[in-house]
Every structure is written in C-alpha cells, then in structure tokens.
Amino acid sequence: MENKKPYGTVLIKAAKILDYLAETPDVSLQEIAKGTGMTSSTVLKILDTLLLIGYVNKNAEKNYRLGAKLVRYANKNIEQLDLAELTLPFLEKLQQKIDETIHLGVLDNNEILYVNKLDPKNQTIRMSSKIGITRPLYNSAMGKAVLAEFTEDQYEDYVGTHSLVPYTEYTITNSLRLKKEIEKVKKTHVAFDDEEIEKDIFCIGASIVKGDEIIGAFSVSMPKYRLTEEVKEQIITAIKQTKQEIEKTIQK
C-alpha cells in the first residue's frame, strides 16, 4: 500500500502542540518545545498563529492553554453527538411508522445544521442530503419549527438581518407571509417545507425544546408525489407523538 505524504506538515506540528496543551495546560513556551520535541522558534511561530485564531490563550505569566474557541467547538460537537444518540431510538421508532427520510438538526449560526439522517428502508428514491450540511431557517421545515420558538425580538432580528432568497419558485420571500406561516406553526407545532428548498420534495418538521431552550429539530422528508392528505395527517400525528416523547425524556 502506497504511503501518502501529508499536505502541510505545519498542521501536524500544530496538532501536536494542541494535543500537548490538552494534556498539560498552563505551560511555558520552553516546556511545550521540550514536550513536543520541536525547537522554541518553531513552536513560537505556530503558537502565534493559534493565538490569532483563538485556538490557544496566553496568560500574564506567558503560559499557554487551549483557547475558548477550540473548547467551544469541542463542546458543541459533544452536544450534537449527545442529541443524536439520545433521539436515535425515537427517530427509529418514527421511521417504523413512516418509512421516509428523517433528519435531525441543531440551530447553528441562524441555520439548521444536520447532525443525523435516517434513510428509508424500503424506498428506491432517497434524499441527497448529508450530515454536516446546513439549511436556512426561513424555508426549511426544521428551520420554521425553530423560528416558531424564537422570542419576538429574536425573530425580528433574524428577519431583519437575513434576506429571504428564493431557492425555488415556491420559496416564501415575503416577510409578512412568512410571519403568518410561523404563527401557524406556533399553534400546530409542526412546520412544512412545500418544495421551498428543492423541487418535488415535501418536508414536515418539529422543534425539540427543553424549557425555554431550543435543543434542535427533526423532520420527515419525502418526494411530493407520495404525499396524500391521509399520509400527511399520519406523518403529523407521528411527528407530534415523537416530539412529545423526546421532550419528555430530555426534561428529566
């Protein structure tokens, strides 16, 4: 098997420094150099860059530790993994009732970040979505479900700072119309994406809330040709039951 030469050896050195700081926080430049087997000048150059991007902090005594930005990334990833693990049995149960694509998402920088996806078991047509992609709040089912949980100020700030760009001819781009739709979501506790992100795709979503905190959202997505009023009502009922079961568990 051919050994591939890594691209950018400085990244490997930076990772070595971060690994060392994770194990030994609040250490000097000389200690890091000794611990990583690098020269002080090399370590200093890399530390300067890591300081600049917030991955490392330096205190008044000129000792180094992992930066808040890096820790925040780690904590966010743990939270996402915890949510995916916690909700998996409930989403699998939902899929047993509704054999369609199920997504789980979290709010990330005023977008929905996909953190889990369950593909249907017996359907030939599947969604092209992937874990790690993001979708806007204003035209996705999960996004609208989350918007319905925003306070009035949060909602107005979102609409005031985000353009309602059309993804398809069905995307809601009028703020007054969007407001009316979000008011419906608040009453029904389910949200719809009716071909607003992708033609011929229909999604039904719901939020996951713990007290006043928005934990995430989940949705059922399907080709619109498979949707009938009977199927729609069946999905809504199943989603509401799943939402109730998940939120009952996370309140504990």
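The values are calculated or read from the model by the stated rules, or taken from the named source; none is laboratory data. Just so it is clear, the model here is predicted, and its values are computed rather than measured. Quick reminder, even Gly has a Cβ in these numbers, built from the backbone with ideal geometry, and neighbours come from all protein chains shown. Note: areas computed on protein heavy atoms with side chains; ligands, DNA, RNA excluded. Shrake-Rupley method; radii C 1.70, N 1.55, O 1.52, S 1.80 Å.
Between Lys58 and Lys130, the simple label model (points 7 Å from Cα in the Cβ direction) yields a spacing of 3.8 nm. Helix 175-188 axis versus longest C-alpha principal axis of the chain: approximately 80°, rounded to the nearest ten. Placing dummy labels 7 Å off each Cα toward the beta-carbon, the span from Asn174 to Lys97 is 3.5 nm.
In this simple spin-label approximation, Lys121 and Glu213 carry label points 7 Å from Cα along the Cα→Cβ vector, and these lie 3.4 nm apart.
Based on protein heavy atoms only, the chain ends up with 58 Å² per residue of surface accessible to a 1.4 Å probe. Toward the positive end of the charge dipole of segment 128-252, with +1 on the Cβ of Lys and Arg and -1 on the Cβ of Asp and Glu, the farthest Cα among Thr151, Ser221, Ala141 is that of Ser221. Using a probe radius of 1.4 angstrom, the carbon and sulfur fraction of the accessible surface of segment 128-229 is 50%. Sort segment 177-217 into rounded, prolate or oblate with this rule: let a ≥ b ≥ c be the square roots of the eigenvalues of the Cα gyration tensor; rounded if a/c is under 1.5, and if a/c is not under 1.5, prolate when a/b is larger than b/c, oblate otherwise. Taking the square roots of the gyration eigenvalues as a ≥ b ≥ c, segment 177-217 is oblate.
Accessible area of Tyr225 (1.4 Å probe, protein heavy atoms only, ligands and nucleic acids ignored): about 150 Å².
The overall shape of segment 139-214, judged from the alpha-carbon gyration tensor, is oblate: a/c is not under 1.5, and a/b is no greater than b/c. Looking only at GluC sites (Glu not before Pro) in DSSP loops with at most 10 other Cβ atoms within 10 Å, what is the longest site-free stretch of the chain? My reading of the result: 62-168 is the longest stretch. In a reduced charge model with +1 at each Lys and Arg Cβ and -1 at each Asp and Glu Cβ, the chain shows a dipole moment near 640 debye about its Cα centre. Counting every pair of alpha carbons in the chain, the share spaced more than 33 Å apart comes to 37 percent.
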